[in-house]
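One structure is given below, encoded as structure tokens.
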Amino acid sequence: MSQSITDEIFLAMENGELQAYYQPQYDARKGVIGGAEALVRWVKKDGTVIPPMEFIPELESNGKVTLVDWYIAEAACKTLRKLGDKAVKISVNFSRKHASDVNFVKRLERLVAAYGIDKRLFGVEITETDVVVDKQLVVQWIEDVEKAGFPVAIDDFGTGMSSLSLMKDIPAHIIKIDRSFLNDNCQSEKGRVTLESVFYFAHRLKLDTVVEGVETPEQLHFLHACDCDLIQGFLFSKPIPESAFLTMCIEEAPVDVKTGNPLEFKSGFGTLRLLVESVYRKYPLIVYVNLSKNSYYTMRKESFINDSLSATGTYDEGYCYVKTLIAKEYHEIMDEAFLRENLLKAHANGEEKVIRMVPQHHSDGRKVLMCIEDYFMTSEVSKDVFMVCFFQEIDAEEYEVNAVKERKEV
Ligand code: C2E
Ligand code: MG
Ligand code: MG
């Protein structure tokens, strides 16, 4: 019995009954098509459409799924060629079974070259599977595919093997967030916080995000607050045959993605982002320091100080490095402002906040003052002393003028 489905699929491939359907993905900010996913369908002669879940699992378990994947990959290339300059990125599902194919990249390169397709328009979507595949092999495979210039997405993120721990090792730069995160229609506090956390994680790792299975305006509304990149779901379009997809791309008809007012969302995420953005406007560099444990972590909006300072490390070493970038005449003032023992002393004296000014000369001759506001906090659990430092550059001349004004007013 099980053998027969595989045989039938092979026959369907030969008869041209296996087809790629396309489900558009919308740019969540602009409402235009930002990409599409190719999904296999078995369209029988009588018009019956058999969905992949009725044959992919069996092909996965007997290893034959890779043939279907290549068949759909070629179909996607043909569609991309027809679209010409109207092409959007098409992502093709590839089973993890391909990880053991040492010729995978070469074969994919040959395929796209044969159809004259730009590699950036061909996305590789690594599907979730029940079949056990060596994780190290998968990591290496994805690394090779990304290096060759094909964008790689991890499908069904948050389920099975597509979990947090995988992402830390995998060089893919897109995650497709599984639709199970939307099960509660983004209505429960727990559901919303979970989804927000997934986005927080994705943004911190600078990953592009796609959410699949968006069916309702409530879900869409909430996803805007999470700053999602692409949205895929029945709300906008079901997977459609190639001809309909070609028309859609050529007409470029926008959809209303209803970008609402982030302040109305029942999520802290929209307002929290606004808050962080506004704090960055005033303070382009923020550094967290654990004074007791001698460690730091920087939150940097832009390259405010020399980019070669690592984002995290030992505080004392980081400070020594920063000193090498500053003229010697200012070292004494800097020591007062930055030496850990001085800061710990200030905290021990009961100070909650310290403000320091360090003069600096820019290479263009401009004199500036680096103003650092430090706020102390103590961990109730470990009793470690933490400090959050807000850095801000002030024009020295303007500062002096204002200081003189203030003195006069007094
Ligand atoms: P997937 O890659 O996660 O694809 C997304 C699935 O979610 C598709 O199901 C799509 O039709 C469905 N979907 C999208 N938006 C919505 C929505 O708003 N609501 C609901 N309820 N469903 C939505 P489909 O086409 O049945 O494919 C199922 C799975 O089969 C795919 O999941 C993928 O894992 C596998 N598959 C499909 N085509 C291929 C292929 O060419 N190769 C391989 N290896 N696997 C494939
Ligand atoms: Mg997929
Ligand atoms: Mg998926």
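The values are calculated or read from the model by the stated rules, or taken from the named source; none is laboratory data. Remember, predicted model here, so these are calculated numbers, not experimental data. Using ideal geometry, Cβ is built from the backbone for each residue, glycine included, and neighbour counts are taken over all protein chains shown. Just the protein is used for accessible areas: all its heavy atoms, side chains included, with ligands, DNA and RNA removed. Shrake-Rupley method; radii C 1.70, N 1.55, O 1.52, S 1.80 Å.
Brief remarks follow.
- Nearest-ten-degree value, helix 189-204 long axis tilted from longest Cα axis of the chain: 80 degrees
- Amide hydrogen neighbours beyond the local backbone of residue 123, cut-off 5 Å, H modeled: 90, 91, 92
- Heavy atoms of residue 53: accessible area, 1.4 Å probe, square angstrom to 10: 140 Å²
- Folded to 0 to 90 degrees: helix 104-114 orientation relative to the chain principal axis, Cα: 70 degrees
- Calculated from backbone phi, Karplus (6.51, -1.76, 1.60) coupling profile of the stretch 24-36 in Hz, x at Gly/Pro: x, 10, 9, 5, 5, 9, 9, x, 9, 5, x, x, 7
- Length released on extending from residue 10 to residue 208, taking residue separation times 0.36 nm less the Cα-Cα span: 67.7 nm
- Antiparallel %, DSSP beta bridges [both residues in the chain], to 5: 70 percent
- The Kirkwood hydrodynamic radius of the chain, based on inverse pair distances between different Cα atoms, is 25.1 Å.
- Net length gained if the chain between residue 103 and residue 118 were fully extended (0.36 nm per residue, minus Cα distance): 3.4 nm
- Here each label is just a point 7 Å from Cα along the line to Cβ, and for residue 340 and residue 74 those points are 6.3 nm apart.
- Gyration tensor verdict on the stretch 73-200 (Cα atoms; rounded if a/c is under 1.5, prolate if a/b is larger than b/c, oblate otherwise): oblate
- Residue by residue, the stretch 153-159 carries 3J(HN,Hα) couplings of 10, 9, 7, 6, 4, x, 10 Hz when phi is fed to the Karplus relation 6.51 cos²θ - 1.76 cosθ + 1.60 (θ = phi - 60°); x denotes Gly or Pro.
- Of all DSSP beta bridges in the stretch 75-182, antiparallel share, percent nearest 5: 0 percent
- Prolate/oblate/rounded label for the stretch 305-345 (Cα gyration tensor, a/c 1.5): oblate
- Solvent-accessible area, 1.4 Å probe, carbon plus sulfur percent, for the stretch 152-237: 54 percent
- For the options 143, 189, 380, a Gaussian network treatment of the chain with springs between C-alpha atoms closer than 10 Å singles out 380 as fluctuating the most.
- Amide H contacts under 5 Å for residue 208, placed H, 5+ residues apart: 174, 175
- Relative contact order (%) - the chain, alpha-carbon pairs under 8 angstrom, separation at least six: 12 percent
- Beta bridges per DSSP with both ends in the stretch 1-156, % antiparallel, nearest 5: 50 percent
- Magnitude of the charge dipole for the chain, about its Cα centre and with charges confined to Cβ atoms of Lys, Arg (+1) and Asp, Glu (-1), is about 420 debye.
- Prolate/oblate/rounded call for the stretch 85-130, Cα gyration tensor, a/c under 1.5 rounded: oblate
- Structure-based [θ]222 nm, the chain - -39500 (n - 2.57) summed over DSSP H runs of at least 4, per residue, nearest 500: -12000 deg cm²/dmol
- Across 100, 363, 163, mean-square fluctuation computed from a Gaussian network of the chain (C-alpha pairs under 10 Å connected) peaks at 363.
- Against the chain, whose longest principal axis is taken from its Cα atoms, helix 135-147 shows a tilt of about 80°.
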